[in-house]
Amino acid sequence: MSLRCACLLLLMACSLVAPRSSVVAASSRSHLAQECALEGLNSPVAREQTLPSVPARDGGSGRPAMNTQQAGGDPAFGLLAEQAIGGAVGSVALAADAVLIGEGSALVLVDRAEPLRRSARVDFGDLVRDIAVVGDTAYVVAGSAGLQLVDISSGAAPTLRGQLRLPGLPFAVQVVGERAYVAAAGAGGGLQIVDVAVAARPRLLSTFPHYGSASGLALRDNLAFVSGGLAGGLQIVDVSDPRAPVLRGELVTPGVARAIVLDGDRAYLAAGFCGVQQIDISDPAQPQLLGASATAGDAVGLALSGDTLFVAASEGGLVSFAVGGARPQLQAELALAGLVGDLALADTSLLVAGGSAGLLVLTASPSPLVQFTLPALVPTGPLLALGERIATGRGAAGISLVAPDDPDPLTNAITVLTPTVALATRTDALYVVNENGLSVFDVADPLTVTLRTTVALSGTVRGLSVSGERIYIAADSAGVLVLDAGDALSPTLSASWPVSITARAVAISGTLALVAERSQISLRATDDGAVLGRVALPAGALVQDVVLRGSYAYLATSDGLLAIDISDVAMPLVVFRRSGFAAYKLAHSAGQLYVAAGNAGVQVYSLRDAAAPTIRGVRRSSGPALSLVVLEGRVYVAAENAGLARYRLQALPLQLWLPLVQ
């Protein structure tokens, strides 16, 4: 029987309490069993696959055939990670004088005074999954960084007291006395018990393996209740002897198993699309599933306040139930922006980790209401250096101009609520294109951004390039649109170039224009768009960005990086291909090519041999690398939920110039 069927039968058999908006036909819940079973640790951004290499043609030109590489292991890094900026808010906890949030790869302290404001930040280099606070110490689990112990007594200057790398991928942490308990997924994971008596030297005492992917836990007396993540289910482990934990009982449940809270002889389990499951734990050796209550979205987080159970329902917002009776009773549903995840209680307030929506503070009442919001910076679109600021595309949320060296760059950022597909600049003008056309902003004053004009455009905008007094826009089936920007703040449409397929990107070098179409590249004259030459692209190489340098064009594609020799415009030739990853954005600086490579992170190539780029370094980012820009010796990377990651270029040892063994 499939998980979907099991879940639906369970809900029916247990007299399901269904919220009004949650009674949905099975066909409309397309993310039921399959997504629940396959949900991963990171959201996929694009298909990244290795396609067969396409043999190069030399056309009798005497030029070398294509150099083909497959993505291999990581060489040494050429980028030194610095403090990231922003990120989705994925976890939240309460300290005496501050609210602590996991914002991307950092622990951020937020003043509890109104208005909400970030006061300090500690970056760990990987996504913060959970936070526990005991006294003046915050215990943080952050992916590959493991368990981090942070002294928060000084408020504005938190300091790292100790750290411990752990097997697996830690998802949840709780602390009792001198022991930290961690639920970790993956190889070597399970319930991990750590001695934190000496903060500077935490020690792993034992690991109790989990049949699934442990992702949540709750503690009572000497029992640890561990949820099974993607595999679902619950394990009850006796931790009386921290060096030799013993299984007391277990229960198989349908769906996934995320957060868990205890209430007397009852446990409530956030079970993804199966809602909230109620479990009888009066006999720890034989836990019994009593029933389930549906939620508007996937249940992932829980908080219990008296007789009210609050449920973080991901895209479904927040749901509250009255508990204590035979079964939970729906009280309220509240739609919220972002993907609602972790929850924490603070006196009469409910703290909500709202993902891209930031930190939300609600009333902790049966019908909660939003009181305050601390927005988050979650870059998903293009980046552009604009003076001393970084213009950061945030998709439908608009653009934020961030000063990277500002102690609180998010609070002080200038935000324009204009959806963004591509960005470019000329003199004091910022050009923003999206499905509604071209918007022109005056950025002469670094403290303000003023909309000057908008220009309606045909087609679906894919890319943007500015050269001299012209703006070139790749507009899919509408071809390339050319605008006269003699007056930088008031451009006008002057011409359009038809394409044989669809225009996805455009780049300009002097009098030569390169237009990336779906399966080919065309070289054109910039004065009239006349086609000078074409070259077919390897199968599966959907172009997403282009950089021109001398006689070569470099293409970021859905299947890696391409180099094209354009010295003979009538016969351009693909001379290099590195596949096996999705490339999204390119930047060139000081003889090096930087590639935002999605889940493969940031790649650095030497262009000493322009026809055969040599990879010099790879830096795995905490989130998928979607865009990047180089500014004053630093590389800024839009790493989605991990925020705007900042890396410093560092000189690489001489031996890294040696060719890689593939």
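The values are calculated or read from the model by the stated rules, or taken from the named source; none is laboratory data. For clarity, every value in this text was computed on a predicted model and none was experimentally measured. Neighbour counts run over all protein chains shown; Cβ positions are idealised from the backbone, glycine included. To get the accessible areas, we keep the full protein, side chains included, count just its heavy atoms, and leave off ligands, DNA and RNA. Shrake-Rupley method; radii C 1.70, N 1.55, O 1.52, S 1.80 Å.
ILE471 meets the conditions (1) within 25 Å of LEU628 (Cα to Cα); (2) touching a Ser or Thr at 6+ places or on another chain (Cβ under 7 Å); (3) modelled with pLDDT of 95 or more in every case but one. The failed one is (2). When region 87-131 is filtered for residues that are part of a strand (DSSP E or B) and touching a Phe, Trp or Tyr at 6+ places or on another chain (Cβ under 8 Å), the ones remaining, listed by number, are ALA106, LEU107, ASP130, ILE131. Among the residues of region 153-175, those that are closer than 16 Å to ALA199 by Cβ and touching a residue at least 40 places away in the same chain (Cβ under 8 Å) comprise PRO158, GLY162, LEU164, VAL173, VAL175. The residue pairs whose first member lies in region 484-499 and is touching a residue at least 40 places away in the same chain (Cβ under 8 Å), whose second member is among the hydrophobic types (A, V, I, L, M, F, W, C) and in a strand (DSSP E or B), and whose beta carbons are closer than 6 Å, counting only pairs six or more residues apart or on different chains, are ALA485/ILE471; ALA488/ALA429; LEU489/ALA429; LEU489/VAL440; PRO491/ILE471; PRO491/LEU483. Going through (1) assigned to a strand (DSSP E or B); (2) more than 27 Å from the chain's Cα centre (by Cα); (3) hydroxyl-bearing (Ser, Thr, Tyr) one by one, TYR431 falls short only on (2). Could you list, in sequence order, all residues of region 175-222 that are within 31 Å of the chain's Cα centre (by Cα) and among the polar types (S, T, N, Q)? Answer for region 175-222, where residues must be within 31 Å of the chain's Cα centre (by Cα) and among the polar types (S, T, N, Q): GLN192, THR207, SER213, SER215. Between ALA200, ALA218, ALA231, the distinction of being closer than 19 Å to ASP130 by Cα, touching a residue at least 12 places away in the same chain (Cβ under 8 Å) and out of contact with any Pro (no Cβ under 9 Å at 6 or more places or on another chain) belongs to ALA218 only. Can you confirm whether ALA503 is open to solvent by less than 10 Å² (accessible area, probe 1.4 Å), of a type in the set (Gly, Ala, Ser), farther than 17 Å from ILE566 by Cβ and under 34 Å from the mean Cα position of the chain (by Cα)? In short, yes. None of VAL252, VAL246 is at pLDDT below 95, surrounded by fewer than 23 Cβ atoms within 10 Å (Cβ to Cβ) and either at negative phi or more than 35 Å from the chain's Cα centre (by Cα) (or both) except VAL252. Please indicate, with yes or no, whether at least one residue in region 413-424 is open to solvent by 40 Å² or more (accessible area, probe 1.4 Å), within 18 Å of ARG518 (Cβ to Cβ), of a type outside the set (Lys, Arg) and in contact (Cβ under 8 Å) with a residue 24 or more places away in the chain. Checked region 413-424: at least one residue is open to solvent by 40 Å² or more (accessible area, probe 1.4 Å), within 18 Å of ARG518 (Cβ to Cβ), of a type outside the set (Lys, Arg) and in contact (Cβ under 8 Å) with a residue 24 or more places away in the chain. Considering THR373, THR392, which residue is of a type in the set (Ser, Thr, Tyr), surrounded by 22 or more Cβ atoms within 10 Å (Cβ to Cβ) and not in a loop (DSSP other than H, G, I, E, B)? Result: THR392 is the single residue among THR373, THR392 that is of a type in the set (Ser, Thr, Tyr), surrounded by 22 or more Cβ atoms within 10 Å (Cβ to Cβ) and not in a loop (DSSP other than H, G, I, E, B).
A residue that is open to solvent by less than 20 Å² (accessible area, probe 1.4 Å) and at pLDDT 95 or above cannot be found anywhere in region 324-340. So how many residues does region 180-201 have that are open to solvent by 60 Å² or more (accessible area, probe 1.4 Å) and either in a strand (DSSP E or B) or at pLDDT 95 or above (or both)? Matching residues across region 180-201 total 3. Does VAL300 satisfy the criteria of being farther than 17 Å from ILE236 by Cβ and buried (at least 16 other Cβ atoms within 10 Å of the Cβ)? Spelling it out, VAL300 is indeed farther than 17 Å from ILE236 by Cβ and buried (at least 16 other Cβ atoms within 10 Å of the Cβ).
Set side by side, the residues VAL574, VAL602 differ, and just one is closer than 29 Å to ALA525 by Cβ, in contact (Cβ under 8 Å) with a residue 60 or more places away in the chain and surrounded by 23 or more Cβ atoms within 10 Å (Cβ to Cβ), which is VAL574.
Of note, SER365 does not satisfy the criterion of being open to solvent by 30 Å² or more (accessible area, probe 1.4 Å), at pLDDT 90 or above, over 27 Å from the mean Cα position of the chain (by Cα) and closer than 26 Å to ALA596 by Cβ.
Among the residues of region 347-357, at least one is of a type in the set (Asp, Glu) and free of Cβ contacts under 8 Å to residues at least 24 places away in the same chain. If you filter region 585-599 down to residues that are free of Cβ contacts under 8 Å to residues at least 60 places away in the same chain and part of a loop (DSSP other than H, G, I, E, B), you find that the one that is farthest from LEU384 (Cα to Cα) is GLY591. Please go through region 482-510 and pick out each residue that is assigned to a loop (DSSP other than H, G, I, E, B) and charged (D, E, K, R). Listed by number, the list holds a single entry, ASP487. If the condition is being open to solvent by less than 30 Å² (accessible area, probe 1.4 Å) and either in contact with an Asp or Glu (Cβ under 6 Å, 6 or more places away or on another chain) or closer than 13 Å to GLY87 by Cβ (or both), then region 627-649 contributes VAL637, ALA638, ALA639, ALA642, GLY643, LEU644, ALA645.
Condition check ((1) over 17 Å from SER494 (Cβ atoms); (2) hydrophobic (A, V, I, L, M, F, W, C); (3) open to solvent by 40 Å² or more (accessible area, probe 1.4 Å)) across all residues:
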site	(1), (2), (3)
ASN434	yes, no, no
GLY437	no, no, no
ASP442	yes, no, no
ASP445	yes, no, yes
VAL449	yes, yes, no
THR460	yes, no, yes
GLY463	yes, no, no
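The set of residues in region 521-555 being open to solvent by 50 Å² or more (accessible area, probe 1.4 Å), in contact (Cβ under 8 Å) with a residue 40 or more places away in the chain and at negative phi consists of ALA539, GLN544, ARG549, SER551. Selection of region 122-150 for residues being within 14 Å of PRO202 (Cα to Cα) and either of a type in the set (A, V, I, L, M, F, W, C) or open to solvent by 40 Å² or more (accessible area, probe 1.4 Å) (or both) yields ALA138, VAL140, VAL141, ALA145, LEU147, LEU149, VAL150. Report whether or not GLY338 is more than 17 Å from SER227 (Cβ to Cβ) and not polar (S, T, N, Q). Considered against the rule, which asks whether it is more than 17 Å from SER227 (Cβ to Cβ) and not polar (S, T, N, Q), GLY338 comes out as yes.
Among the numbered conditions (1) of a type in the set (Gly, Ala, Ser); (2) out of contact with any Asp or Glu (no Cβ under 8 Å at 6 or more places or on another chain); (3) open to solvent by 50 Å² or more (accessible area, probe 1.4 Å), the only one that SER282 does not meet is (2).
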